[in-house]
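The values are calculated or read from the model by the stated rules, or taken from the named source; none is laboratory data. Bear in mind the structure is a predicted one, so any value in this text is a computation, not a measurement. All Cβ positions, even for glycine, are placed from backbone atoms using ideal geometry, and neighbour counts span all protein chains on display.
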Amino acid sequence: MLWGLGKLGQEIAKELIEGEHEVIVIDINESIIEEFTNEYDAVGIVGNGASRQIEQKAKASSADVLIALSGSDEVNLMSCITAKTLGTKYTIARVDGEEYKDDERYLMKKIGIDLVINEEYDTAMEISRLISYPSTIKTRAFANGKVDMAEIIVEKNSLLENLKLSKVKEKFGLNVIVASIIRKNKLIIPRGDVTLEKGDEVFFIAKNSDIYNLLRKLGLIDKPVKTLFLVGCGKIGKYLLDDLKNRKLKIKIIDSDKDRCIELAEEFPEATIIHGDGTDSKMLIEEEIKDYDCCISLTDDDETNIVVTLFAWSNQVRKIITKVVSLNYAKMLKYAKINNTLSPRFIILSGIHRFIRGIDENRKYETNIKSLHRFSKNMAEVIEFEITEEFDALGKTIKDIGVVRDVVIAFIIREEEIIIPSGRTTIEKNDRVIVIVAANKNIGSIEDIIEK
């Protein structure tokens, strides 16, 4: 069951249907339900998803999962509570109110909600990490921050052009793995005989220090961020400022909401707060945007964020981070070599993907998926598994196990050691195994990567 068929709800419902899940969608808007069910293979119910009668009509007693995505935290919470009393096995609630941020464990333990998603907080934490990373290259962290992935475009005459993958470690003296390549909008899960070409979008994965050194050798490392220019400071901005309090950054904030500016000035006295229009180029020049190390645009409007971003880019601000919802805008910025675009929508999608993938064929929730992230234009996934004693191939070597096509075991984390596996490497209990896989493989458990 999916309650709340806004843009995000429709995106998630489409992906679940494409994954061959039976989906019942609920929304109070009859025309939205009619339009969606006419186009997709889903059952539609018009009504309030928190209503017991509506959930009974949606057969909550036999449902595996309820995903509550309405615009109200309280309605989402009530929907989950109601579904649990009716017999729904698992519930997911979108809860983004600041007042609930510290209640996540309580909601999960006491109320029985299985997954609480706060996309604003998660987005802010990702921005904080990007600020800390000394490069304009887009990176992601995995395995509790022990492993990073970097997305690098192969430029003409760069050290990567015409480089065979089997020679990457030798060339740079680093234990880095090419997780995937996008070439002419097609995904390649590579083997060692692939040669990199100009224009390739290459995703490297390695432990933090090796990714840093790779970027350094490619001339892609910048000075650390010391000054920050922030346009738009809603929930995401406030979470971000809270996290940055102890970093001693010089921060300037422009926001169009006068009352919000007053609140920000009281809550963050160290920052400079300006009431104004973030798209006013004259104001941005007067406020010396060009002298800042990093510009972040977090307004609620994609077009405004694009304007601010392009203006910062034209003024040669060296690190630019932008919040966008539309994938088309993200692609447009990428053409201008502005890669640090974030979408709260896709952060929610990632969390739900991870949860749904953890439900096996018997619809029993498995806990061995620790993280799941899509990359390479959503065509590839990096999945982190925790190995339990139930793993069928426990103690066997990777060579003896046999791994299915288009799956790469990138790393094994054993206690504090990061292992780049060979055919002789075994997989042991409590290992964290990080695999790269084509998204259409629909890998749901570690057993799915084994040749049958």
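Looking only at residues that are assigned to a loop (DSSP other than H, G, I, E, B) and within 27 Å of the chain's Cα centre (by Cα) in the range 407-423, which one is surrounded by the most Cβ atoms within 10 Å (Cβ to Cβ)? Lay out the reasoning, then the answer.
Step one: filter the range 407-423 for residues assigned to a loop (DSSP other than H, G, I, E, B), giving 415-416, 420-423.
So of that shortlist, the ones also within 27 Å of the chain's Cα centre (by Cα) come out as 415-416, 420-421.
Numbers: 415: 7, 416: 6, 420: 16, 421: 19.
Going through the qualifying residues, I end up with 421.
Scoring residue 161 on the criteria (1) in a loop (DSSP other than H, G, I, E, B); (2) touching a residue at least 60 places away in the same chain (Cβ under 8 Å); (3) not assigned by TED's automatic domain parsing to the domain that holds residue 263 leaves a single failure, condition (2).
Residue check: is residue 408 modelled with pLDDT of 90 or more and closer than 27 Å to residue 138 by Cβ? Before the answer, list the steps.
On the way: modelled with pLDDT of 90 or more: no; closer than 27 Å to residue 138 by Cβ: yes.
Taking the combined requirement at face value, the residue does not satisfy it.
Could you check how many residues of the range 164-177 are in a strand (DSSP E or B) and of a type in the set (Val, Ile, Thr)?
Of the residues in the range 164-177, 1 are in a strand (DSSP E or B) and of a type in the set (Val, Ile, Thr).
Take the range 164-183 and flag every residue that is in contact (Cβ under 8 Å) with a residue 12 or more places away in the chain and of a type outside the set (A, V, I, L, M, F, W, C).
164, 166, 171, 175, 180, 183
For every residue, the table says whether it meets (1) surrounded by 18 or more Cβ atoms within 10 Å (Cβ to Cβ); (2) modelled with pLDDT of 75 or more.
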{"site": "332", "(1), (2)": "no, no"}
{"site": "335", "(1), (2)": "no, no"}
{"site": "340", "(1), (2)": "yes, yes"}
{"site": "347", "(1), (2)": "yes, yes"}
{"site": "356", "(1), (2)": "yes, yes"}
{"site": "361", "(1), (2)": "no, no"}
{"site": "364", "(1), (2)": "no, no"}
{"site": "368", "(1), (2)": "yes, no"}
{"site": "372", "(1), (2)": "yes, yes"}
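Annotation note: Cβ proximity below 8 Å between a residue of the range 11-34 that is part of a helix (DSSP H, G or I) and a residue that is surrounded by fewer than 17 Cβ atoms within 10 Å (Cβ to Cβ) and at pLDDT 90 or above (sequence gap 6+ or interchain) occurs for 13/40; 14/40; 17/40; 17/41; 30/46; 33/46.
Results for (1) within 21 Å of the chain's Cα centre (by Cα); (2) in the same structural domain as residue 293 (by TED's automatic domain parsing), shown as yes or no for each residue.
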{"site": "199", "(1), (2)": "no, no"}
{"site": "209", "(1), (2)": "no, no"}
{"site": "229", "(1), (2)": "no, yes"}
{"site": "236", "(1), (2)": "yes, yes"}
{"site": "239", "(1), (2)": "yes, yes"}
{"site": "246", "(1), (2)": "no, yes"}
{"site": "255", "(1), (2)": "no, yes"}
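Every test in (1) in contact (Cβ under 8 Å) with a residue 12 or more places away in the chain; (2) within 25 Å of residue 241 (Cα to Cα); (3) not charged (D, E, K, R) is passed by residue 113 save one, and that test is (2).
Quick check on my filter: what residues within the range 264-295 are assigned to a helix (DSSP H, G or I) and among the small types (Gly, Ala, Ser)? Show your work before the answer.
Of the residues in the range 264-295, the ones assigned to a helix (DSSP H, G or I) are 264-267, 281-286, 289-291.
Those that are assigned to a helix (DSSP H, G or I) and among the small types (Gly, Ala, Ser): 265, 281.
Any residue at all in the range 69-86 that is surrounded by fewer than 19 Cβ atoms within 10 Å (Cβ to Cβ), over 22 Å from the mean Cα position of the chain (by Cα), on the phi > 0 side of the Ramachandran plot and of a type outside the set (D, E, K, R)? Scanning the range 69-86, I find no residue that is surrounded by fewer than 19 Cβ atoms within 10 Å (Cβ to Cβ), over 22 Å from the mean Cα position of the chain (by Cα), on the phi > 0 side of the Ramachandran plot and of a type outside the set (D, E, K, R), so the answer is no. The set of residues in the range 424-441 being surrounded by fewer than 22 Cβ atoms within 10 Å (Cβ to Cβ), of a type in the set (D, E, K, R) and not in a loop (DSSP other than H, G, I, E, B) consists of 441 alone. Being assigned to a strand (DSSP E or B), over 25 Å from the mean Cα position of the chain (by Cα) and either over 23 Å from residue 372 (Cα atoms) or not assigned by TED's automatic domain parsing to the domain that holds residue 245 (or both) is a condition met by no residue of the range 178-193.
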